[in-house]
Ligand SMILES: CC(C)(COP(=O)(O)OP(=O)(O)OC[C@H]1O[C@@H](n2cnc3c(N)ncnc32)[C@H](O)[C@@H]1OP(=O)(O)O)[C@@H](O)C(=O)NCCC(=O)NCCS
């Protein structure tokens, strides 16, 4: 399963936005604003593919010289629970290390905190609501 960096505005980027819409936003009755998508020009965009098909995605946003934030982690419905999320996370962590970051944080949906815990992430604060659902901030020293 090849993992690729995606260029903002490319055909793969459009696939990525569509996947995120279907898996992360539509079920909550939400969408993306144009402003949100424009800002992603500065992010590291990652996709897992099988031929032309995108199986999963995530992105990294710089917080400061040491810290990067993982966002928009999603695996295609029907393919979840088969190890794709783990492979995406390992790729994102290696990339973050290679770029000199030593801490990875995220706002994890409470429903999937167990997934990140399996990969060594720890909850660092109280539960909060974002995009209408409960989240925790989680982090790992890389
Ligand atoms: C959360 C998500 C990215 C995980 O990816 P995935 O490909 O399904 O996960 P994997 O198959 O790689 O799972 C790795 C491990 O985590 C476990 N795991 C997966 N989802 C879990 C969950 N919701 N709660 C607890 N553990 C979970 C798996 O059982 C597996 O454990 P194992 O190695 O002991 O077998 C994916 O299920 C998804 O896209 N969910 C819907 C969108 C979402 O909630 N995204 C996250 C926003 S913060």
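Please treat every number below as a calculation from the coordinates, not as lab data. Keep in mind that what you see is a predicted model, and the values were worked out from it rather than measured. Cβ sites come from the backbone with ideal geometry, for glycine too, and all protein chains shown count toward neighbours.
For the range 100-142 versus the range 26-45, the spacing of their alpha-carbon centroids is 19 Å. Between residue 141 and residue 107, the distance separating the two model label sites (each 7 Å from Cα on the Cα→Cβ line) works out to 2.6 nm. Shown for 25, 86: other C-beta atoms within 10 Å of each C-beta, ranked fewest to most, produce the order 86, 25.
Quick one, what does Rg over Rh come out to for the chain if you take C-alpha atoms and the Kirkwood Rh? Before the final figure, lay out the partial values.
On the way: Rg = 14.3 Å, Rh = 15.4 Å.
Rg/Rh: 0.93.
For the options 120, 47, 56, a Gaussian network treatment of the chain with springs between C-alpha atoms closer than 10 Å singles out 120 as fluctuating the most. Between 69, 109, 99, where does the largest GNM mean-square fluctuation fall for the chain, given springs only between Cα atoms within less than 10 Å? Largest GNM mean-square fluctuation: 99. For the range 43-106, the fraction of alpha-carbon pairs lying more than 15 Å apart is 48 percent, rounded to a whole number. Residues considered: 115, 32, 91. Largest GNM mean-square fluctuation over the chain, using C-alpha springs under 10 Å, is found at 32.
From largest to smallest, what semi-axes in whole angstrom does the range 17-76 give when each is the square root of 5 times an eigenvalue of its alpha carbon gyration tensor? Could the numbers behind the result be given before it?
Numbers: eigenvalues 80, 52, 21 Å².
Taking √(5λ) for each Cα gyration eigenvalue gives 20, 16, 10 Å.
Normalised by residue count, the range 80-142 yields a Cα convex hull volume of 85 Å³ per residue.
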